[in-house]
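The values are calculated or read from the model by the stated rules, or taken from the named source; none is laboratory data. Everything numeric here is computed off the predicted structure, so don't read it as measured data. Here the Cβ positions follow ideal geometry from the backbone for every residue, glycine too, while neighbour counts run over all protein chains shown.
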Amino acid sequence: MIVADQTIDDMKLTKQFQLYESDHTLFIKALKEKNPAIEEGQRLGRALLWDKPPLSLDEQERQLKSAIKQQPYVYQNKI
């Protein structure tokens, strides 16, 4: 169990395991060596989907008012 007040120094691995790299880590390193632009592509993708400017209060209100109400269980026939 890791206690919250433990430092990184307390959690160091033994020398035997400090040099260990998993198959996944080796794969990612090899992929980045073959295609160095992959990280820039990831940043651009993130910016496209997530990094958006904040909406003004008027725009937020307009979006809330224009939202269509959805019934609680969408697969049930309307009564």
Point to revise | Residues located in region 41-79, provided they are within 28 Å of the chain's Cα centre (by Cα), basic (K, R) and surrounded by fewer than 10 Cβ atoms within 10 Å (Cβ to Cβ) | key: K52
Check your understanding: Here is a list of conditions, (1) at pLDDT 90 or above; (2) out of contact with any helix residue (DSSP H, G or I) (no Cβ under 9 Å at 6 or more places or on another chain), and I38 meets all of them except one; can you say which number that is?
Key -> (2)
Point to revise | Where a residue in region 20-39 is surrounded by 10 or more Cβ atoms within 10 Å (Cβ to Cβ) and its partner, wherever it lies, is not in a helix (DSSP H, G or I), with Cβ under 8 Å and at least six apart | key: K29/E21
